[in-house]
Ligand SMILES: [Zn+2]
């Protein structure tokens, strides 16, 4: 017996058509008219768009904070939020422990995600402690389906690598045909500016943005691009926030380098001014790199699809109680905000409905491009015979006011509180199984999400 998604407008990055979609088992088997046969189960998509499940390639779900504690999400709440936001695959950031192996870190993340996730998941490996045995593990990770490696130029003594270690890892990843992800900010400059601000007594949330200037991001972006050039590595720059950093990426591309740029939903909606909201409200907008100017926000919108290929969430929610750890010092506020569930409805409302993005472009930046860059295409990232039946039945007639009271992630706050959105998920299938039906979470889906062994990455352009 097949399932027919009937009467919707099927949208991919390449175009749209009114058609039925036939699902058998975990796969799409046909797209077209007249696919129904007796006994098929029908999911009515009349008046709706049928989108390929979105892929969020930058999340921090259940981020460990030490002592068995974590940020505001569990693997269940985070992936439920993903599903309600039209996302059927997340690629989460693993961080190696100091002195630990990559294999142990991967096992830890898989152990926590496996029984809980309701959508599919893969991982990037964050390498923070470089040694010859760790470099040797890069080949092992590639075989395990972890084909991208995240490196940091900020957070000295915690996450940051110096240039020698950046270069060593980039060479090994290049030799293994993997992809380097870079968090590009000059950590030493930022640490100096933060220490000076704290010494002056400038401790309110707005100093988070003032001590993480755009030039510090641009410098590290330029350095990462040049190191990748020297190492022969392909580079994906996570959370690009500003014109200056984007200019460095474009310069690298003009030299012929394979470099991709990601921005995140919050940089398209908020600016540094939000950090100055009174009564510690600004703490909700403390995330890194920091929010920038209205001009930067506009540059990011106009760069989508041609210069910035991916919009991810950098989802990292915290409760108000966790944010309050920085009540007396902005540098102690945990960095991050929710975004997994927000990404699609907010891009749809303020991008597609307002005419800044086509639906096809929305699919490209949230699904098809990440699938191609991260070795999941064409299994995921499109709707085609043979692809996984990861399908979003997107109802454009839904209208609502966003609130932490009704969102699904584990946080009791959201920077998007009170904002208007149209469009939402009516039904959602992950590998053919309904995870959301009629706007509600289907029973028994906990643990349905499966680990994705990703392939070697392939180019978008
Ligand atoms: Zn992140």
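Things worth noting here:
- Likely footprinting exposure, 330, 270, fewest C-beta neighbours within 10 Å first: 270, 330
- Distance between the range 1-74 and the range 352-417 - C-alpha centres, whole angstrom: 10
- Full extension of the chain segment joining residue 210 with residue 167 gains 12.5 nm, where the gain is 0.36 nm per residue of separation less the Cα-Cα distance.
- Placing pseudo-labels 7 Å out from each Cα toward the beta carbon at residue 295 and residue 324 gives an inter-label distance of 4.0 nm.
- Beta-bridge orientation, the chain: approximately 45 percent antiparallel, per DSSP, counting only bridges with both partners inside.
- D_trans [Stokes-Einstein, Kirkwood Rh over alpha-carbon pairs] for the range 54-373, 37 °C, 0.692 mPa s, µm² s⁻¹: 167
- Efficiency of FRET from Cβ geometry, residue 196 and residue 14, R₀ 60 Å, rounded to 0.05: 0.70
- For peptides 85-95, 393-403, sequence by mean Cβ density within 10 Å, most packed first: 85-95, 393-403
- Full extension of the segment from residue 44 to residue 104, taken as 0.36 nm per residue of separation minus the current Cα-Cα distance, would add 17.1 nm.
- In the chain, the calculated helix contribution to ellipticity at 222 nm averages -8000 deg cm²/dmol per residue, counting -39,500 (n - 2.57) for every DSSP H run with n ≥ 4.
- The gain in end-to-end length when the residue 36 to residue 440 segment is fully stretched comes to 142.9 nm, 0.36 nm per residue minus the alpha carbon separation.
- Taking only Cα atoms of the range 414-456, radius of gyration then Dmax in Å: 14.6, 41
- Each of residue 255 and residue 417 was given a label point 7 Å from its Cα along the Cα-to-Cβ line. The distance between the two points is 4.5 nm.
- Going from the residue with the fewest nearby Cβ atoms within 10 Å to the one with the most, 448, 285, 420, 260 rank 420, 448, 285, 260.
- Order by protection proxy (mean Cβ within 10 Å, highest first), peptides 163-176, 131-144: 163-176, 131-144
- Annotation: peptides 317-328, 301-312, 98-109, ranked by per-residue average of other Cβ atoms within 10 Å with the highest first, follow the order 301-312, 317-328, 98-109.
- Annotation for residue 26 and residue 65: the two label points, set 7 Å from Cα along the Cα-Cβ direction, are 3.5 nm apart.
- Calculated FRET efficiency for the pair residue 403/residue 273, C-beta based, R₀ 25 Å, to 0.05: 0.70
Read-outs throughout are calculated quantities, based only on the coordinates presented, and are distinct from any laboratory measurement. Because the structure is a prediction, the values reported are computed rather than measured. Here Cβ is always computed from backbone atoms with ideal geometry, including for glycine, and neighbour counts include all displayed protein chains.
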